[in-house]
């Protein structure tokens, strides 16, 4: 049974803990290692590894600290180069080539963000559960059969973003940057409708914008569109 815990989400830092009952992983490490330790009640020795989607600090702030503590960190070759840090615990994994960490089989896949080589990850355990993790992308080109859990970005709604820009609350260039680097509510709904959600048990909405989102409305909208249990991280 997959267990999911959000340690931090959003522009100030992203870090999530998952477990299938046998192998525990971190997804991202964008907060300090002290914060990670505290959030996990100092049980970090149980962690089998860390997946990092890209090099922005809100996703990898503690990457060297985590590696120094003996945890392998998996990322794309482009992210590894962009970090500019050499460490024997940094492991480059290839796009659409499966690898294993403990009881998880993990498939990295390319996403669309304003960085060198961002990844999403599809994780399958030995019980047949399949978890999709995707954040910081304005589009996902793939379909994923047999999903049971989704952890997916829902950063903004086009209506709120446009309203904020039109009324001068954010500059127009920032509107364009958000649209070219993050997943909107509208794109998320389209993605969900394009996939078979028949086995999905729960959907976790991640990385909501502080100013361009509405957590209550986003949850209602996704629940209405999917009929699934929805959590807002």
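Readers should treat all values here as calculations from the given coordinates under stated rules, not as data from a laboratory. Everything numeric in this text was worked out from a predicted model, so none of it was measured. So basically every Cβ, Gly included, is an ideal-geometry build from the backbone, and we count neighbours across all protein chains shown.
Tabulated results
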{"item": "Inter-centroid distance (Cα atoms) of segment 47-81 relative to segment 2-17, Å", "result": "14"}
{"item": "Label-zone membership for segment 163-199, site residue 112, 7 angstrom Cα→C-beta point, backbone N under 20 Å", "result": "173-196"}
{"item": "Packing-based exposure ordering (other Cβ within 10 Å, fewest first) of 66, 229", "result": "229, 66"}
{"item": "Mean Cβ count within 10 Å, highest first, over the residues of peptides 117-129, 37-49", "result": "117-129, 37-49"}
{"item": "Per residue convex hull volume, Cα atoms of segment 34-83, in Å³", "result": "75"}
{"item": "For the chain, the spread of Cα positions along each principal axis, largest first, Å", "result": "49, 39, 33"}
{"item": "Added length on full extension, which subtracts the Cα-Cα distance from 0.36 nm per residue, residue 173 to residue 34", "result": "46.5 nm"}
{"item": "Modelled FRET efficiency - R0 25 Å, residue 193 with residue 216, Cβ distances, 0.05 increments", "result": "0.70"}
{"item": "Whole-angstrom gap from segment 175-224 to segment 113-129, using each part's C-alpha centre", "result": "17"}
{"item": "Neighbour-count ranking [beta-carbon atoms within 10 angstrom, fewest first] of 99, 144", "result": "99, 144"}
{"item": "Sorted by Cβ neighbour density within 10 Å, fewest at the top, the residues 183, 218", "result": "218, 183"}
{"item": "Highest-MSF residue in the chain out of 114, 162, 20 [GNM, Cα springs under 10 Å]", "result": "162"}
